[in-house]
1. Sort the following peptides by mean Cβ neighbour count (other Cβ atoms within 10 Å, averaged over residues), highest first: 53-64, 178-189.
2. Computed FRET efficiency, Cβ-Cβ of R339 and E5, R0 35 Å: what is it to the nearest 0.05?
3. Rg and Dmax of segment 125-296 over Cα atoms: what are they, in angstrom?
4. Out of the DSSP beta bridges found with both residues in the chain, what percent are antiparallel (nearest 5)?
5. Expressed in nm to one decimal, what extension gain is obtained for the pair L262 and L99 from 0.36 nm per residue of sequence separation less their Cα-Cα distance?
6. Work out, step by step, the length gained on full extension between E236 and Y48: first 0.36 nm times the residue separation, then minus their alpha carbon distance; give nm to one decimal.
7. About its Cα centre, what dipole magnitude does the chain give when the only charges are +1 on Lys and Arg Cβ and -1 on Asp and Glu Cβ, stated in debye to the nearest 20?
8. Count neighbours as other Cβ atoms within 10 Å of each site's Cβ, and list the trypsin sites (Lys or Arg not before Pro) in segment 1-58 that are DSSP loop with at most 14 such neighbours.
Amino acid sequence: MLLLEIPVVQELIAKITLKNFYLRLCAYLIEDFSNWDNFQKSARHAIYVRNGVLELMPICNDEFYSFKYVNGHPNNPLSNKLNVVAFGMLADVITGYPLMLSSMTLLTALRTAATAALASRYLAKKTSKHLAILGCGAQSEFQVLAHAALFELTTVTYFDIDPDAMLRFAHNLKDEAFTLMPVDNVQAAIMGADIIVTATAAKEKLHILERSWLTAGQHICGIGGDAPGKTELDPEILKHAKVVVEYLPQTLKEGEIQNLGLDAASFVYAELWEVLSGLKAGRENGDEITVFDSVGFALEDFSILRLCYQLASEYRLGKQIDLIPQTLADCKNLYGLLRNTHENTRDA
């Protein structure tokens, strides 16, 4: 079984560059979302605790099974711990044997950003050049660079209530080709923006964006709202926009649309797979306001694990570990693995 630790994930991305990693991941996402009906799907299993949430996210098709363990603890940064950490597994469906165990803290940020950028490719104006990001936390740089891989961004405006977060964001992206413009408030950030990304961590029902602040033709990626009671958008935006979600049963509980009550589903235009596969149109004119109500879905983890498994094979990276018995002279003699140890202990 293959183990991908953090240094290996870093090396895989360095081998092909971050931009090409995003492009290759987007191709995997399109392929997997387009085969939506071939997957056994479920909403993630979430346990909510006082300070956050602990989740398992499983999915499989006829070839692979994957799951991810991930948390969300917004107060962790107060003690210099990450808000989100994760690991995941890819397994062979035919035998049930695990194929790869991987660190997924970086991969979760990468797949979240790639999925958002891919949704923007179909829902934002194709000529989009100005991106506004609201919230300069751990996801912010990933979001901007994923969009930069798919759009010719010239301007990125950004705002966070934490000045230190804005400074870190600017430092990390200072060498990129687009112009970075810090602003003092949300309205200044979104003025003239083609794509708006909301990515805050506050565990509340907030109105980061108000409908009255928007202008025709803008596209919104709602990334930060990803749990019951945790939203960012004025519900009036959702009522008057083209709204696309990942997996409706999960988004009804965790997404922005949870604020729309019993009729929430009626305000949803499509699930993402319907747009990516061409079953439904994405943006249809230059004036409509579009929203990608993203909460993260297990298929995205499946895609990035599948990609990393392929890259690890191509570049011969990763460590083989004995997490399960690989070879037994008699496959029914599991006790044989302990017999010598037991006898040696007894004789001592």
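1. Top to bottom by mean Cβ count within 10 Å: 53-64, 178-189.
2. According to the calculation, E is roughly 0.60.
3. 15.3, 47
4. Details: 29 of 62 bridges.
Among the beta bridges of the chain, antiparallel pairing accounts for roughly 45 percent.
5. 54.5 nm
6. Separation in residues times 0.36 nm, less the Cα-Cα distance, equals 64.9 nm.
7. Numbers: 30 positive and 41 negative charges, 75 e Å.
I would put it at about 360 debye.
8. Working: sites: K15, K19, R24, K41, R44, R50; in loops: K41, R44, R50.
In loop regions of segment 1-58 (DSSP not H, G, I, E or B), the sparsely surrounded trypsin sites (Lys or Arg not before Pro) are R50.
Throughout, read-outs are computed from the coordinates displayed, never taken from laboratory work. No experiment lies behind these values; they were computed from the predicted model shown. Quick reminder, even Gly has a Cβ in these numbers, built from the backbone with ideal geometry, and neighbours come from all protein chains shown.
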